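Undergrad: The structure's right below; bear with me while I get my questions together.
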Amino acid sequence: GEDVEQSLFLSVREGDSSVINCTYTDSSSTYLYWYKQEPGAGLQLLTYIFSNMDMKQDQRLTVLLNKKDKHLSLRIADTQTGDSAIYFCAESVGYNKLIFGAGTRLAVHP
Amino acid sequence: EPEVTQTPSHQVTQMGQEVILRCVPISNHLYFYWYRQILGQKVEFLVSFYNNEISEKSEIFDDQFSVERPDGSNFTLKIRSTKLEDSAMYFCASNPLAGGYNTQYFGPGTRLTVL
């Protein structure tokens, strides 16, 4: 069945790079997404990658996709305290639904 | 920048009562969704809605749940007889389906507390 797995917690020092990893199971997924959720807030679409791409860069964010291993990663360069949040990986199943991972809580410390 | 809006932000209800959660999707979007997130758990898909009908629903979306697009702007989720386990954050999302892109934009959520 469809499933998305993420590590639950990541702690980094301010200014370092953060790498959040995700694995998914549905090889027919056409899009893969990263959403950010700050405390008490909704889900903010950070970036997405089409399944025929290997990499996408958007300012401080770099998404890498290894389709063979069904592995997705999000790299945040020069991590700031404002990046502290929960990051959700999600895969699309057609246009009907997203399957979310459990979320990775990113803690940024001085 | 257009946003998905949801009301109320917090709803408290007694078990067995009916609740209606309201959403205003982004104008010109074509696909609409409801998801829920029980505290500390994954975001779960409930239902998708396209062309004025349900496109897909999950096992969670049983006969107690219904969705409606009563006019050109609102999209509602009704729970007929709430249970304690319906307590969760409910997110509405919309998708433009434009330019071949498949992107869902989420609202801020409604926190439902069933007592």
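Undergrad: Go from 0 up to the bin containing the longest alpha carbon distance in the protein assembly as shown, width 10 Å each, and give me the % of pairs per bin.
TA: Spelled out bin by bin, the protein assembly as shown gives 8, 33, 35, 19, 5, 0 percent.
Undergrad: Counting Lys and Arg as +1 and Asp and Glu as -1, what is the net charge of the other residues whose Cβ lies under 11 Å from the Cβ of residue B:74?
TA: Within the 11 Å Cβ shell, the charges total 0.
Undergrad: Taking 45 Å as R0, compute the FRET efficiency from the Cβ-Cβ separation of residue B:81 and residue A:67 and round it to 0.05. Walk me through the numbers before you get to the answer.
TA: Numbers: r = 45 Å, r/R0 = 0.99.
Efficiency, rounded to the nearest 0.05: 0.50.
Undergrad: Mind scanning A:67/B:57; A:68/B:83; A:68/B:78; A:67/A:97; A:70/B:83; A:68/B:42 and naming the pairs with a C-alpha gap bigger than 31 Å?
TA: On the way: A:67/B:57 28 Å; A:68/B:83 43 Å; A:68/B:78 41 Å; A:67/A:97 20 Å; A:70/B:83 38 Å; A:68/B:42 25 Å.
Long pairs (Cα-Cα over 31 Å): A:68/B:83; A:68/B:78; A:70/B:83.
Undergrad: Would you give the gap between the C-alpha center of the stretch A:44-97 and the C-alpha center of the stretch B:27-79, rounded to a whole Å?
TA: Distance between centres, Cα-based: 25 Å.
Undergrad: Given a Förster distance of 30 angstrom, what is the FRET efficiency for residue A:28 paired with residue B:28, based on the Cβ-Cβ distance and rounded to 0.05?
TA: Numbers: r = 28 Å, r/R0 = 0.93.
It comes to 0.60.
Undergrad: Take residue B:20 and residue B:38, extend 7 Å from each Cα along the Cα→Cβ direction, and tell me the distance between the two endpoints in nm.
TA: 2.8
Undergrad: Here's a follow-up. Within a Cβ distance under 13 Å of residue B:17, other residues only, what is the Lys/Arg minus Asp/Glu net charge?
TA: Local charge sum for residue B:17: +1.
Bear in mind that the values in this text are calculations on the coordinates, not laboratory data. These numbers were taken from a predicted model, which means no experiment stands behind them. All Cβ positions, even for glycine, are placed from backbone atoms using ideal geometry, and neighbour counts span all protein chains on display.
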